[in-house]
Amino acid sequence: MSIEIRNINKQFGSFTALKDINLKISTGELVALLGPSGSGKTTLLRIIAGLEVANQGCILFNGEDATSRNVQQRHVGFVFQHYALFRHMTVSENIAFGLKVRPRHTRPSAKEIQAKVQQLLDLIKLEGLANRYPTQLSGGQRQRVALARALAVEPQVLLLDEPFGALDAKVRKELRRWLRRLHDELHVTSVFVTHDQEEALDVADRIVILNDGQIEQMGTPEEVYEHPKSSFVYDFLGNVNLFHGRIHQGRVSIGSIELDVPEYADAVDKQAVSYVRPYNIEIEREAQGQEFIPARILFIRSVGPIVHLELKREDTGDLVEAELSKERYQALQLKAGENVFVKPKDLKIFIHEDYCI
Amino acid sequence: MPLRPLEIKKYSILPGFGLTMGFTLMYMGFLVVLPLSTVFIQTAGIDWTQFWNIVAAPRLVASYKLSFGAAFIAALINTIFGLLVAWVLVRYSFPGKRVIDGLIDLPFALPTAVAGITLTTLYAPHGWLGKYFTFLALKAAFTPLGVVIALTFIGLPFVVRMVQPVLETLDQEREEAAASLGADRLQTFTKVIFPELLPALLAGFALAFARALGEYGSVVFISGNMPMRTEITPLLIMTKLEQFDYAGANAIASVMLIVSFMLLLLVNILQWWSINRHTDH
């Protein structure tokens, strides 16, 4: 089922949670709503589910206006961050709940319900735990039960509110891969909310980045990661180094260095912020050109194939984070406290009057 | 087999287990066990035949029926309406909410005789409320119905105060989950909320029931104390005491004590079951 969101506005008292949101989600898509806390992503999800009512705008399911339908009529599967399992019911009772509460004429027979529960237990790989109570399960198991419970009613849309937020890192990674595989099998239109960019980049077909109740950018993980439209998106999608500078007629000056930026040829003496990912910081022992900035190594973390360095620029005193491959690191034989030269590559420059960190 | 030291106390940064435990035992001994045991000691002064003649007298059997029956009905009424009051106080906000919340405790604080007098005035055949009962060809004051009214009045706070904190901690996400799975409002309440409240409701019921069983002050005014009809058991204990029949009074008291103890035990077992049935295995 496709979902269309048109001009959704939502206020909580004087606080504007969502401003004029327009979004189309096509059938079978897995979309991530990504944003920092307070960006309105959960509110948007709850409005899609019918758990919250928008002040303005409408929601269309399959092209039909569903704005006035309540949560029971929308037939969506909703998965909560803290599972919201029924504590006094066993795993199988939890899963069967949505089928058992149906009115008599649409309710499947006890046998059919049992079969459905069994099928879902197989799907979530908890066959042996059918008679356990939620308190006897681990967090990851509980979330899988919550998912099975939502899937039991065969919803046409699956909505997940920070589904892995309460789990530890390893389980979270396992479970999100599992969710991706599950989605590929079932092809149910899914929307999930997360504040974890890695999770969104890893799982989603499309990412919608929200900030301050507005959509900053949407697109495939590659699009938003490689071509961020705003400094916010660039900053939010990974570690970055900030270089403050001034931009004038296609040249940006950052501390002691100057670089060409042809895309801002007509800018006249503007404040600019340049972003560089840590893996785009080149390190040399000797300056090889005027684009190199002198810096001192403060700290080295050399666990794993990538070596993380923290450096302090000699010219401005700003901190710079860099990542090197193990080979490069060993070739350079770097040590903490040494003076080196760094060169930022592949800068993303945004002119921003109102943006500051 | 090596002997393992009995481990009762755990390491704590606040010591004092021995002192506090000793005090607790002494306190409970002097305040609860000792007075209650005298009931049985005093009763032991008479033999079984005498005991039976006292406690199975028709007038007493009638009073047991009224005392236990009215206390049970009153506790039941309080369980239903106490839940409603607690629900309103927790789920909604409205002007005057704090006042109502404070009023709940009034039956606790009020001297029971005051409650008795006011209720009797209200429900007497010509009282403000009593005249409507008369209109319906019913009598409230000086009938078992009056006893139920008085016991309902004094038992109200127990259920409300037991259910309120549980309702407050109840996670609304579960209700939302139930609704998203297609459950209607009644199903959400009966299948999701009610089972969570059951232990607190049972505890509130038990307390209201126990309080109603022992109630004396507010009932003796409204009941009219007619033998075989509106006499409650505590009143008969008083009557025996006034006649200096200590053995008789203690015999009745021991019956009350044993029955209420068993009833409380039953409710506690029910409560324990309702809490633990979804965790034990």
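The values are calculated or read from the model by the stated rules, or taken from the named source; none is laboratory data. As the structure is a prediction and not an experimental result, all values here were calculated from the model. Positions of Cβ are generated from backbone atoms using ideal geometry, with glycine treated the same way; all protein chains shown enter the neighbour counts. SASA here: full protein model, heavy atoms, side chains in, ligands and nucleic acids out. Shrake-Rupley method; radii C 1.70, N 1.55, O 1.52, S 1.80 Å.
5 Å is the cut-off here: which amide hydrogens, built 1.01 Å from N in the peptide plane, fall below it relative to A:VAL157, excluding neighbours closer than 5 in sequence?
Close amide H contacts, sequence-distant or interchain: A:GLY77.
Counting only DSSP beta bridges with both residues in segment A:95-251, tell me the antiparallel percent, nearest 5.
Looking only at bridges with both residues in segment A:95-251, the antiparallel portion is about 55 percent.
Toward the positive end of the charge dipole of segment B:48-280, about the Cα centre and with charges on Cβ (Lys, Arg +1; Asp, Glu -1), which of B:MET238, B:LEU103, B:SER260 goes farthest?
Positive-most Cα among the choices belongs to B:MET238.
Threshold 50 Å², probe 1.4 Å: give the residues of segment A:39-85, in number order, that are less accessible with all protein chains present than with their chain alone.
Residues passing the criterion (a loss of at least 50 Å², heavy atoms only) are A:GLN72, A:PHE80.
Report the accessible area of A:HIS187, computed with a 1.4 Å probe over the heavy atoms of all protein chains in place, in Å² rounded to the nearest 10.
So the heavy atoms of A:HIS187 present about 110 Å² to solvent.
First check a/c for segment B:1-153, with a ≥ b ≥ c the square roots of the eigenvalues of its C-alpha gyration tensor; if it is under 1.5, answer rounded, and if not, answer prolate when a/b is larger than b/c or oblate otherwise.
oblate
Rank-order B:27-36, A:18-27 by packing density, defined as the average count of other C-beta atoms within 10 Å over each peptide's residues, highest first.
A:18-27, B:27-36
Which of the residue pairs A:LYS229/A:LYS312; A:LYS312/A:LYS343; A:LYS173/A:LYS326; A:LYS41/A:LYS125; A:LYS19/A:LYS41; A:LYS116/A:LYS173 have a Cα-Cα distance greater than 19 Å in the structure shown?
Details: A:LYS229/A:LYS312 29 Å; A:LYS312/A:LYS343 13 Å; A:LYS173/A:LYS326 25 Å; A:LYS41/A:LYS125 30 Å; A:LYS19/A:LYS41 12 Å; A:LYS116/A:LYS173 27 Å.
Over 19 Å apart, Cα to Cα: A:LYS229/A:LYS312; A:LYS173/A:LYS326; A:LYS41/A:LYS125; A:LYS116/A:LYS173.
Given a Förster distance of 60 Å, report the FRET efficiency between B:TYR27 and B:ASP184 from their Cβ-Cβ distance, rounded to the nearest 0.05.
0.70
With only Lys, Arg, Asp and Glu charged, each at its Cβ (+1 for the first two, -1 for the last two), find how big the charge dipole of segment B:48-280 is about the Cα centre; round to the nearest 20 debye.
Numbers: 15 positive and 14 negative charges, 124 e Å.
That gives a dipole near 600 debye.
Got a sec? Which residues in segment A:22-50 would a label at A:ASP184 touch, if it sits 7 Å along Cα→Cβ and we count backbone N under 18 Å?
A:28-32
Which value in Å does the Kirkwood hydrodynamic radius of the protein assembly as shown take, with 1/r averaged over all unlike C-alpha pairs and then inverted?
Values: mean 1/r = 0.0318 Å⁻¹.
By the Kirkwood definition, the hydrodynamic radius is 31.4 Å.
Just which residues of segment B:239-281 lose 30 Å² or more accessible area with every protein chain there, against their chain alone, with the probe set to 1.4 Å?
B:ARG277, B:HIS278, B:THR279, B:HIS281
Straight-line reach from B:LYS65: which lysines have a Cα under 26 Å away, not including same-chain ones fewer than 8 places off?
Filter leaves B:LYS139, B:LYS240.
Counting only protein heavy atoms, what percent of the accessible surface of segment B:1-156 is carbon or sulfur at a 1.4 Å probe?
On segment B:1-156, the fraction of accessible area on carbon and sulfur atoms equals 76 percent.
Which shape class, rounded, prolate or oblate, goes with segment A:264-357 when its Cα gyration tensor gives a ≥ b ≥ c as root eigenvalues, a/c under 1.5 marks rounded, and past that a/b bigger than b/c marks prolate?
prolate
With the full set of protein chains in place, find how many percent of the accessible area of segment A:192-325 is carbon and sulfur; take the probe as 1.4 Å.
Within segment A:192-325, the accessible surface is 46 percent carbon and sulfur.
Could you tell me which of B:PHE153, A:ILE124, B:THR121 has its Cα farthest along the dipole of the protein assembly as shown towards the positive end, charges placed at Cβ (Lys, Arg +1; Asp, Glu -1), taken about the Cα centre?
B:THR121
What FRET efficiency would be calculated for the residue pair A:ARG251, A:PHE12, taking the C-beta separation as r and a Förster radius of 35 Å, to the nearest 0.05?
For A:ARG251 and A:PHE12, the calculated efficiency is 0.15.
Amide H of A:GLN217 versus every other amide H placed in the peptide plane: which residues, excluding those fewer than 5 positions away on the same chain, fall under 5 Å?
A:ILE209
Relative to the Cα centre, what is the charge dipole magnitude of the protein assembly as shown, using +1 at the beta carbon of each Lys and Arg, -1 at the beta carbon of each Asp and Glu, and rounding to the nearest 20 debye?
Working: 62 positive and 64 negative charges, 581 e Å.
Charge dipole, the protein assembly as shown, about its Cα centre: 2800 debye, nearest 20.
What total accessible surface area, summed over both chains, is buried at the interface between chains A and B, computed with a 1.4 Å probe and given in Å² to the nearest 100?
Separately minus together, A and B give about 2200 Å² buried.
Starting from the Cα gyration tensor of segment A:181-336, take the square roots of the eigenvalues, sort them a ≥ b ≥ c, and report rounded, prolate or oblate (rounded when a/c is under 1.5, otherwise prolate if a/b is larger than b/c, else oblate).
Verdict is oblate for segment A:181-336.
Would you calculate the separation in nanometres between label points at B:ILE258 and B:GLN243, each defined as 7 Å from the Cα along the Cα-to-beta-carbon direction?
2.2
Set the Förster radius R0 to 30 Å, insert the Cβ-Cβ distance between A:GLN119 and A:LYS24 as r into 1/(1 + (r/R0)^6), and round the FRET efficiency to 0.05. Write down the numbers at each step before the final one.
On the way: r = 32 Å, r/R0 = 1.07.
The computed FRET efficiency comes out at 0.40.
Considering protein heavy atoms only and a 1.4 Å probe radius, which residues within segment A:86-102 exhibit an accessible-area decrease of no less than 40 Å² in the full assembly relative to the chain by itself?
A:PHE86, A:ARG87, A:HIS88, A:PHE97, A:VAL101
Report the charge-dipole magnitude of segment B:153-216 in Debye, nearest 20, computed about the Cα centre from +1 at each Lys and Arg Cβ and -1 at each Asp and Glu Cβ.
260
Please give the per residue accessible area of the protein assembly as shown, computed with a probe of 1.4 Å over protein heavy atoms only, in Å².
Ligands and nucleic acids excluded, the result is 52 Å² per residue.
Can you run phi through the Karplus equation (6.51, -1.76, 1.60; θ = phi - 60°) for segment B:216-222 and list ³J(HN,Hα) in whole Hz, with x for Gly and Pro?
Values per residue, Gly and Pro as x: 10, x, 7, 7, 4, 6, 7 Hz.
In whole Hz, with x marking every Gly and Pro, tabulate ³J(HN,Hα) for segment A:203-212 from phi via Karplus 6.51 cos²θ - 1.76 cosθ + 1.60, θ = phi - 60°.
9, 7, 6, 9, 10, 10, 9, 10, 8, 6
So, in nm, how far is label A:ILE351 from label A:ARG177 when the simple model puts each one 7 Å beyond its Cα toward the Cβ?
4.6
Karplus couplings for segment A:310-318 from phi (6.51 cos²θ - 1.76 cosθ + 1.60, θ = phi - 60°), rounded to Hz, Gly and Pro as x?
Whole-Hz 3J(HN,Hα) from phi for segment A:310-318: 10, 10, 10, 5, 6, 7, 10, x, 6.
Treating each Cα of segment B:48-280 as an identical point scatterer and ignoring solvent, apply the Debye formula and state log10 I(q)/I(0) at q = 0.09, 0.10, 0.12 Å⁻¹.
-0.47, -0.57, -0.77
DSSP loop GluC sites (Glu not before Pro) in segment A:272-357 with at most 10 other Cβ atoms within 10 Å of their Cβ, which ones? List each step's numbers first, then the result.
Details: sites: A:GLU282, A:GLU284, A:GLU286, A:GLU291, A:GLU310, A:GLU314, A:GLU321, A:GLU323, A:GLU327, A:GLU338, A:GLU353; in loops: A:GLU286, A:GLU291, A:GLU314, A:GLU338, A:GLU353.
Of the GluC sites (Glu not before Pro), the ones in loops of segment A:272-357 whose Cβ has at most 10 other Cβ atoms within 10 Å are A:GLU286, A:GLU353.
Can you tell which of B:VAL192, B:VAL61, B:VAL114 shows the greatest fluctuation in a Gaussian network model of chain B with Cα springs below 10 Å?
Top of the fluctuation ranking is B:VAL192.
Which value at 222 nm does the protein assembly as shown reach when only helices count, each DSSP H run of 4 or more adding -39,500 (n - 2.57), with the total divided by all residues and rounded to the nearest 500 deg cm²/dmol?
Rounded to the nearest 500, it is -14500 deg cm²/dmol.
Compare the Cα positions of B:VAL39, B:THR188, B:ALA249 along the charge dipole of chain B (+1 at Cβ of Lys, Arg; -1 at Cβ of Asp, Glu; about the Cα centre) and return the one farthest towards the positive end.
Sorting the options by dipole projection puts first B:ALA249.
Based on the alpha carbons, how large is the Rg to Rh ratio for chain A when Rh follows Kirkwood?
Rg/Rh: 1.08.
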